[in-house]
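Notes to accompany the following structure.
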Amino acid sequence: MENIIALCKRKGFIFPGSEIYGGLSGTWDYGPLGVALKNNIKALWWKRFVTDREDMFGVDAAILMSPRVWEASGHVGGFSDPLVEDTKTQKRYRADHLLEEAGIDVKGMNIEAMDTNIKDLALKSPEGNSLGDVRQFNMMFKTHIGPVANDDSISYLRPETAQGMFVNFKNVLDSMHPKIPFGLAQIGKAFRNEIAPRDFIFRSREFDQMEVEYFVHPDQWKDSFEHFQNQVHEFISDLGIDRKKVHELEIGPEDLAHYSKRTIDFEYDFPFGKKELYGLAYRTDFDLKSHTEASGQDLSYFDEESKTRYVPHCIEPSFGLDRTVLATLCDAYTVDEVDGEKREYLKLSPKIAPVLVSVSPLLKNKPELVEVARKVYVNLKKKFGRVTFDDNGNIGKRYRRQDEIGTPFCVVVDFETLEGVKETGVMDTVTIRYRDSGEQERVAIADLVEKIEGLV
Ligand code: GAP
């Protein structure tokens, strides 16, 4: 992890949040390459789950929502972590984490049992002090809307994007007239006041989610659940992540969230252990029913064919974008040896690499080479966007630099290219050098776009 974190900072992927002020715990800023990687992942997700399908509708709901949304969803009452306080320093710790570190299996353990276990084992805080009682701590960030800060002006930063879709269910029904089954999809920020943000961007206080709420007839939930179970794996393959490192965990009834009848966690073998990457939940009609009761609005669906009215049930595949970034980075991070030298590089899929192609003249100080290289660059840039012009240092150094940020293809204009120009009057061939194998191939400039398209 240390190597990956260092590479991310050195190369402009991810920086600690508010770094020049000493940082803000649980926040991270994405730099130029990080945002490019993130955007490519978002585009891939949106393509698979929205634009490639006929039954999905995108939404982009406000982050600030009526506090009544969070009362109805159960978040005001129940979205909490079990905390325990160091009686001397008043620092708070996750009770479940302390128990896990002491080798106790906390699956299905309620807050009273955690309290008893901590007391029976006489567990101390990491500073070696005694601990108080275990208490629930709500993880939503509270804020106030408008100029007066009182109980009537309370609002929350959303802790999941999902509710933005449930509250727009009726709007989409009335405007787009979709037939069940159909889904709503959204990508956006979520905020949680995590007590123990940790493991780089794995657990942070501000993160992005990519979520689908898929509405079905209650009899159809099993088929849809299975369908999205496969779709999650397909998306993992789209990303180029090794599927052998992804494991399914069926959540036991005692650990299910209040809204779920069935949940599968998709776990990835991160360097710090096997941890949750994504979740797939059968949310039943919990959310639509709760919002119907709380808002007084009818959120049912009328089926024209069967002439029946019912409240649809919901299947929710939920993807953390930052955890996706982390899993792709961990999966791609590779160290090998080239020409007797250690090489540290990212084996990112061409589908998501921040830079797809780097174009170089073999030598920087030969204007004829630079001129042709610029032409090749402009042409590729127009087509692919993710293209850079790199003429810094010698060619070996450029390859290393591009390898380190995961650029799969380096195109080089050399003297043979110029020979072709002389002989034919048009630009002739260039080399493509492949990141993973280091092999090079000569390709006609006229075929370059098609060649690269075939490799993405
Ligand atoms: N709408 C359902 C929901 O929010 P969740 O399991 O709490 O379910 C879904 O979160 C996904 O969001 C997780 O699988 C994970 O990828 C991501 N996630 C949750 N908490 C996170 C955090 N503190 N930092 C980064 N990603 C997080």
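General remarks:
- Nonlocal amide H pairs with residue 25, under 5 Å, H built at 1.01 Å: none
- With the Kirkwood sum run over all distinct C-alpha pairs, region 332-373 has a hydrodynamic radius of 12.9 Å.
- Evaluated at q = 0.16 Å⁻¹, the base-10 log of the normalised Debye intensity for region 338-456, with identical point scatterers placed on the Cα atoms, takes the values -0.70.
- In this structure residue 258 has an accessible area near 100 Å², from a 1.4 Å probe over the protein heavy atoms.
- Our compactness index for region 53-207, the C-alpha radius of gyration over the empirical 2.2 N^0.38 Å, is 1.32.
- Taking all pairs of distinct alpha-carbon atoms in the chain, Kirkwood radius in angstrom: 25.1 Å
- Evaluated over region 176-334, the Cα radius of gyration and Dmax, each in Å: 17.3, 58
- Exposure here means at most 16 other Cβ atoms within 10 Å; with chymotrypsin sites (Phe, Trp or Tyr not before Pro) in a DSSP loop as sites, the longest stretch of the chain lacking them is 273-456.
- Per DSSP, loop trypsin sites (Lys or Arg not before Pro) in region 250-315 with at most 15 further Cβ within 10 Å: 261, 307
- In the calculated pair-distance distribution of region 274-364, the portion above 23 angstrom amounts to 59 percent of the Cα-Cα pairs.
- 3J(HN,Hα) from dihedral phi, region 298-306, Karplus parametrisation 6.51/-1.76/1.60, rounded to Hz, x for glycine, proline: 7, 10, 9, 10, 9, 8, 4, 5, 8
- Ranking 384, 455, 407 by Cα position along the charge dipole of region 335-456, where only Lys, Arg, Asp and Glu carry charges on their C-beta atoms, puts 384 farthest toward the positive end.
- Exposed loop sites here are GluC sites (Glu not before Pro) assigned a DSSP state other than H, G, I, E or B and surrounded by at most 12 other beta carbons within 10 Å; excluding them, the longest clear run of the chain is 128-303.
- Tilt relative to the chain, helix 111-120 - C-alpha long axis, 0 to 90 degrees, to 10: 90 degrees
- Top positive-direction residue, dipole computed over the chain with Cβ charges, set 326, 291, 67: 326
- With the whole protein complex present, residue 219 retains an accessible surface near 120 Å², based on a 1.4 Å probe.
- Cleavage-rule hits (trypsin sites (Lys or Arg not before Pro)) in region 98-169: DSSP loop, at most 16 neighbouring Cβ within 10 angstrom: 107, 124
- Note on region 154-206: Kirkwood hydrodynamic radius from all Cα pairs is 13.4 Å, rounded to one decimal.
- Shape category assigned to region 1-126 from the gyration tensor of Cα positions, a/c cut at 1.5: oblate
- Considering all C-alpha pairs of region 236-320, those separated by over 17 Å amount to 61%.
- Given charges at Cβ of Lys, Arg, Asp, Glu: the chain dipole, positive-most of 41, 185, 165: 41
- Stokes-Einstein translational diffusion, region 159-239 - Kirkwood Rh over all Cα pairs, 0.890 mPa s, 25 °C, in µm²/s: 165 µm²/s
The values are calculated or read from the model by the stated rules, or taken from the named source; none is laboratory data. Since the structure is predicted, the reported quantities are computational estimates derived from the model, not experimental observations. Please note: Cβ atoms are built from the backbone with ideal geometry, for glycine as well, and neighbour counts cover all protein chains shown. Accessible surface areas use protein heavy atoms only, side chains included; no ligands, DNA or RNA. Shrake-Rupley method; radii C 1.70, N 1.55, O 1.52, S 1.80 Å.
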